[in-house]
Ligand code: CUA
């Protein structure tokens, strides 16, 4: 890797194939771009010093070639000459200056990057306020508004508007988790009994992937978070839909699924707004069919995955808190049909 150290990070990312929706080479958020610039500067400065040190080392070997044991007295005489002494002093002086200058440049750049990252409102007052709670192993999100009647809950997928600041309050219910969407910003821990926060200021619309970045148990690796950066118009549309309660199913199979959902264990843990289901210990399913993945990024949200997940949640994600319900085939198809109406 070291021989690429002179390349700016985006080029490095492209060369190593580190592009995409979850990469430290991403700069689609204000903080990510600041961190990336600092990292690129570190790579350039340390790369230059690495090259210089290697050059001196090989120059030393090269000069040493001509030295011979039987000519040592002559060599020593040459080294003791006053002109050699002067050159050596000048060289040492320049090198010490370069080392101090390089370290100072990195320290000053770090200081200013740190100050910029600490500015909470890089794009003005946050326009979105989200309470995000880490659970083993999923993300519970509550969107808060000045008018609390507009508040809603969702899970494992956040939408945020492009170009505006989103304030995310981070909490944890069980153990320490860590919020990390490298394309947008640095990491921030979610700690039980303590509220942390992070401000996201996305600069490019798109779909990004976050990952819990603190080992939190068996399914830590399956604790992903989808983040969709919408244009303001798309965000407003998404918001309007999320604030609606779930529609009553009209197709007979989905209507049967609704009855099973409300009467089996499902409704004890999950909420579907506008229905009697108001369990709080599992992901809100009011608009589950609009989300890209299931089980915190474990499966794509398809008909087949929904069947697999409900039929055998422990086979898909061992250790998670969703129990085996024991639905027969008709019940399973019906519950899936109902969930697919929750757009
Ligand atoms: Cu949550 Cu790792």
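The values are calculated or read from the model by the stated rules, or taken from the named source; none is laboratory data. Remember, it's a predicted structure, so these values are computed and weren't measured experimentally. Note: ideal-geometry Cβ built from the backbone for every residue, glycine included; neighbour counts use all protein chains shown.
Data overview
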{"quantity": "Given (1) in contact with a helix residue (DSSP H, G or I) (Cβ under 7 Å, 6 or more places away or on another chain); (2) under 28 Å from residue 34 (Cβ atoms); (3) within 16 Å of the ligand (Cβ to nearest atom), index of the condition residue 137 fails", "calculated": "(2)"}
{"quantity": "Test for residue 181: is it in contact with a helix residue (DSSP H, G or I) (Cβ under 6 Å, 6 or more places away or on another chain) and either more than 8 Å from the ligand (Cβ to nearest atom) or under 23 Å from residue 126 (Cβ atoms) (or both)", "calculated": "no"}
{"quantity": "Residue selected from region 206-218 under the condition surrounded by 16 or more Cβ atoms within 10 Å (Cβ to Cβ) and more than 19 Å from residue 171 (Cβ to Cβ), by the criterion farthest from the ligand (Cβ to nearest atom)", "calculated": "208"}
{"quantity": "Elements of type helices (runs of 4 or more DSSP H) contained in region 236-316, each with 3 or more residues being in contact (Cβ under 8 Å) with a residue 60 or more places away in the chain", "calculated": "252-263"}
{"quantity": "Selection count, region 140-156, where residues are within 16 Å of the ligand (Cβ to nearest atom) and surrounded by fewer than 23 Cβ atoms within 10 Å (Cβ to Cβ)", "calculated": "2"}
{"quantity": "Qualifying residue in region 100-116 (condition: surrounded by 11 or more Cβ atoms within 10 Å (Cβ to Cβ) and within 16 Å of the ligand (Cβ to nearest atom))", "calculated": "no"}
{"quantity": "Residue match in region 314-327 (condition: closer than 30 Å to residue 205 by Cβ and surrounded by fewer than 19 Cβ atoms within 10 Å (Cβ to Cβ))", "calculated": "no"}
{"quantity": "Answer residue from region 219-235, given it is buried (at least 18 other Cβ atoms within 10 Å of the Cβ) and either over 15 Å from the mean Cα position of the chain (by Cα) or not in a strand (DSSP E or B) (or both) and is nearest to the ligand (Cβ to nearest atom) among those", "calculated": "223"}
{"quantity": "Number of the exception - residue 127 against (1) closer than 16 Å to residue 199 by Cα; (2) surrounded by fewer than 16 Cβ atoms within 10 Å (Cβ to Cβ); (3) within 16 Å of the ligand (Cβ to nearest atom)", "calculated": "(3)"}
{"quantity": "Neighbours by Cβ (under 6 Å, 6+ apart or cross-chain): first from region 197-216, at pLDDT below 95; second in a strand (DSSP E or B) and within 16 Å of the ligand (Cβ to nearest atom)", "calculated": "198/168; 198/188"}
